[in-house]
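Below: one structure, written as structure tokens.
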Amino acid sequence: MTIFSGEYATLPVVTTATMLPFVAFLLIILLTRSRPRLSAALSVGAIAVSLGCALFLLGLHRHLEKPIQYTGRWLASSEVQIPFGFLIDPLSLLMLVIVAGICLLVQVYSLGYMEGDPGFSRYYAFMSLFAWAMLSLTVSPTILQLYIFWELVGLSSYLLIGFWYEKFSATQAGKKAFVMTRAGDVAFFLGLLLVLLHMGNLSILEMNGPQAAARMSPAVLTLSALLIFGGIAGKSAQFPLMTWLPDAMEGPTPVSALLHSATMVAAGVYLFARLFPFFSLSPTAMNVFLAIGTISMLLASTMAMVSNDIKKVWAFSTISQLGFMIMGLAAGGYFAGVFHLTTHAGFKALLFLCSGVFIHQYQTNDIFELGWLGARRLKAPVVAIIVAAAALSGIPPLSGYFSKEAILAGLAGLSNPVWLSAGLVGVFLTAYYSFRVIFVICLPQTHATASEGSSHASGLNHEDGRHERQYRTMARPLIVLATITVVLGFFEGPLKDFLIGRPIAAEPSGGGHLAWAQYGALALAVFGAWWAWMEFGRPGAGLVGFVERMPPLYNLFAQRWYIDHFYRLFVDRIIDRGISALCFQNDNKVIDGGIDEMSRGTVESGRVIALLHTGAIQHRLIVTFAVIVFLSLYFFF
Amino acid sequence: MIVPFGHVLMLAGVLFSLGMFCALARRNLIMIVLGIEIMLNAASIIFVSAALHWESLEGQAFVLFILAVAATEVSVGLAIIIYAFRRTGSFDPSTYNLLK
């Protein structure tokens, strides 16, 4: 009975789950823009129903034997068929739930955060668009459909990052995010075409199946894997294309939370997991991914160590955690990567939402200022942010610990110890920077200017009622997320069964090695936290990090390894002054000049010919006679 | 035929040249029309003499047609000239340069 109803229910339920946010988007944009409350209600309602549908599907298919696919033909060009439809398998079900869940929480949170903003309706419209694109991306059965929604995700994130379009920096950041991810997407699209040329279709199941290896030579396989990874690097802000992510902090904080946890940046890792069997066919590509993940993780962690902007710290940490996921996946730990994606979605959203509360209450992003102003008085966010930061650094009972262990276990399984040591360094750095933020914000500082804090606090009081309500609206999702962060780690086993299926019996990596890595990681995390305590936490601490005592190193980290400078220089020198100048010259001199010359020639020749047209009848007669005379001479003699 | 054919041809040639010179060189519209008439007459003389020379009447018939056409042409031409004179107050064709 249940089986039958499940089979019939799946299609309409998936359709509802993915299409409702789109319907909400259309309704808000077309009808209810002038009524913010109704718009918000529509959007939140739609995503709540989506979450319900996603949970229902998860329950329905928790013992999924093989992927379910529904497709209808969308495009057909001779042999190439591009279907549109849904693909339901454990990975997409899990992602569906994560995305819908985080979207719902963030939207509820935004009710408080964005209250009174003139663009409230627009905000919810974009949020719905975002949710639609991301939900549809997760259930795409073909890479082309995935690509379409991938671009839609890029578009909506552009709209949301540049949401406060009156702010110049926000529009710049939006553009930067759009252009940089597009740079990666070009590579992605080329890879996609390469696959299409050799495989004849773009079905995810077929790419993951044995056909891929059969129809593509290893070289082509590696090339297309690398190209597709270009898209992942752009979207997930990996090494060469990572600089857009910190700038994307210009958007509203809930947007950052959404972008960084479950949607935009996670889309890249999701694609990696989605095509995991395909990527594993090419060991070379996997090694490259591993290297890129490692580089991004280490670079971003070092950047996070010196940033004073709370949102930027979490942004860098997102890059580094994404690098960690890529490392885990590239090391062959499919489950580890996906599990870290899941837990990261929870605690990173939590971190951003907590920071959003602080920023909303105190109007500053600077951690030291937040500390002086007494951010620790807000009990719920402080507790939540501590939980989330502990999860981020991998402290045992929290979810981050389990997923990090899984990744490290995967890395320990590799023959080359470099990756594992890099991972362990990453664990240390992560613990250091996250606890640095926590200690600076949450502990009373010796040289805090009390008067400033109290005056600000009294300034808050006269709008107490409204603030209180907003605060409570924002606090509720925090509590939910904190709970998830605490308990999610204990579901590692069931999740693993769900994702991989029963047949996998034991861990492939050696036991002794694994145990060593586990304890080492834990020790390093605690050591990082302790170090942060010594420098920022304990009474009388200097509040100066060890990096800041080394100016060259500090500059290197604070300037983000000069990657942005390099890009700016590159764009300036090569593109602006080289290629565009050349194109400009070509346009100016060759094309414009050619047309100018041509018209000038026409005018000139017209002027010359016009001399013949004197308009005098006798001249014409002379010419006529002369012609006749000469013609007769020619004909008769 | 008393007069040799060659002489007639020469006369017609001279007449034609005179007419042509008149049509091309004079600065008076009436004189230009006159020049054209002279050229027509030169052609008519050749037709008549050729009809005599080859003893065939078609040449003379042509001349009758030419005379008729010349008469109409002169009347129409003079009418145009009068109209043009009323418009511009001049017979000089070089002043008729509105189309230039």
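The values are calculated or read from the model by the stated rules, or taken from the named source; none is laboratory data. Predicted model, so just to flag it, every value in this text is computed and none were measured. Positions of Cβ are generated from backbone atoms using ideal geometry, with glycine treated the same way; all protein chains shown enter the neighbour counts. What goes into the accessible areas is simple: the full protein's heavy atoms, side chains included, and nothing from ligands, DNA or RNA. Shrake-Rupley method; radii C 1.70, N 1.55, O 1.52, S 1.80 Å.
With contributions of -39500 (n - 2.57) from each DSSP H run of at least four residues, the per-residue ellipticity at 222 nm computed over chain B stands at -28000 deg cm²/dmol.
For A:LYS175, a cut-off of 21 angstrom between C-alpha atoms picks up these lysines, skipping any fewer than 8 places away in its own chain: A:LYS167, A:LYS235, A:LYS311, A:LYS312. Considering all C-alpha pairs of chain B, those separated by over 18 Å amount to 57%. How much of the accessible area of segment A:243-334, probe 1.4 Å, is carbon plus sulfur, in whole percent? The C+S portion of the solvent-accessible surface of segment A:243-334 is 63 percent.
Over the C-alpha atoms of segment A:203-259, the Rg to Rh ratio, Rh being the Kirkwood estimate, stands at 1.20. Along the axis of the charge dipole computed for chain A (Cβ charges of +1 for Lys and Arg, -1 for Asp and Glu, origin at the Cα centre), the listed residues A:THR263, A:SER39, A:LEU193 are led at the positive end by A:SER39. Building the convex hull from the alpha-carbon atoms of segment A:301-340 and averaging its projection over directions returns 2.8 nm². Placing +1 on the Cβ of every Lys and Arg and -1 on the Cβ of every Asp and Glu, with no other charges, gives segment A:573-637 a dipole of roughly 120 debye about its Cα centre. A compact globular protein would have a Cα radius of gyration near 2.2 N^0.38 Å; the ratio found for segment A:243-297 is 1.38. Buried surface between chains A and B: roughly 800 Å² of accessible area, summed over both sides, computed with a 1.4 Å probe on protein heavy atoms only. Diffusion coefficient of segment A:1-104 by Stokes-Einstein, Kirkwood radius over Cα pairs, 20 °C, 1.002 mPa s: 141 µm²/s. Taking every alpha-carbon pair under 8 Å whose residues sit at least 6 apart, chain A reaches a relative contact order of 12 percent.
Using every pair of separate Cα atoms, the Kirkwood estimate puts the hydrodynamic radius of segment A:156-227 at 14.2 angstrom. Need the per-residue list for segment A:582-621: every residue with at least 10 Å² less accessible surface in the complex of protein chains than in the chain by itself, probe 1.4 Å, sorted by number. In segment A:582-621, residues shielded by partner chains: A:HIS613, A:THR614, A:GLY615, A:ALA616, A:ILE617, A:GLN618, A:LEU621. What net charge is computed for the residues neighbouring A:ILE161, neighbours being all others with C-beta under 13 Å from the C-beta of A:ILE161, Lys and Arg scored +1, Asp and Glu -1? Computed value for this residue: +2.
Normalised by 2.2 N^0.38 Å, with N the number of residues, the alpha-carbon radius of gyration of segment A:207-302 equals 1.20. Around the Cα centre of the protein assembly as shown, unit charges on the Cβ atoms of Lys, Arg, Asp and Glu (plus for the first two, minus for the last two) sum to a dipole of about 1040 debye. Using the alpha carbons alone, the radius of gyration of chain A stands to its Kirkwood radius in an Rg to Rh ratio of 1.14.
Once the mean of 1/r is taken over each pair of separate Cα atoms and inverted, segment A:93-184 shows a Kirkwood hydrodynamic radius of 14.0 Å. In segment A:120-167 the Cα-Cα distances spread across 10 Å bins starting at 0 as 30, 46, 19, 5 percent of all pairs.
Relative to its residue count, segment A:563-605 spans a Cα convex hull of 35 Å³ per residue. For segment A:20-170, a Kirkwood hydrodynamic radius built from all Cα pairs, placed in the Stokes-Einstein relation at 20 °C and 1.002 mPa s, yields a translational diffusion coefficient of 130 µm²/s. Projecting the Cα atoms of B:SER90, B:ALA43, B:SER56 onto the dipole axis of chain B, where Lys and Arg carry +1 and Asp and Glu carry -1 at the beta carbon, places B:SER90 farthest toward the positive end. Computed from the Kirkwood radius of its Cα pairs, the Stokes-Einstein diffusion coefficient for segment A:264-374 at 4 °C and 1.567 mPa s stands at 87 µm²/s. The residues of chain A have, on average, 42 Å² of accessible surface per residue, using a 1.4 Å probe with all protein chains present. Computed about the Cα centre, the dipole magnitude for segment B:19-99 is approximately 480 debye when only Lys and Arg (+1) and Asp and Glu (-1) carry charge, each at its Cβ.
Note: relative contact order over segment A:115-178, using C-alpha pairs below 8 Å and six or more positions apart, is 26 percent. Under the simplified labelling scheme, the B:VAL48-A:ALA48 pair shows an inter-label distance of 11.9 nm, with each label point 7 Å from Cα along Cα→Cβ.
For the protein assembly as shown, the residue among A:GLY234, A:SER121, A:THR71 whose Cα projects farthest onto the positive side of the dipole built from Cβ charges is A:SER121. Computed on the Cα trace of segment A:233-275, the radius of gyration divided by the Kirkwood hydrodynamic radius gives Rg/Rh = 0.99. Here segment A:351-434 is described by how far its Cα atoms reach on the three principal axes: 50, 22, 14 Å, from widest to narrowest.
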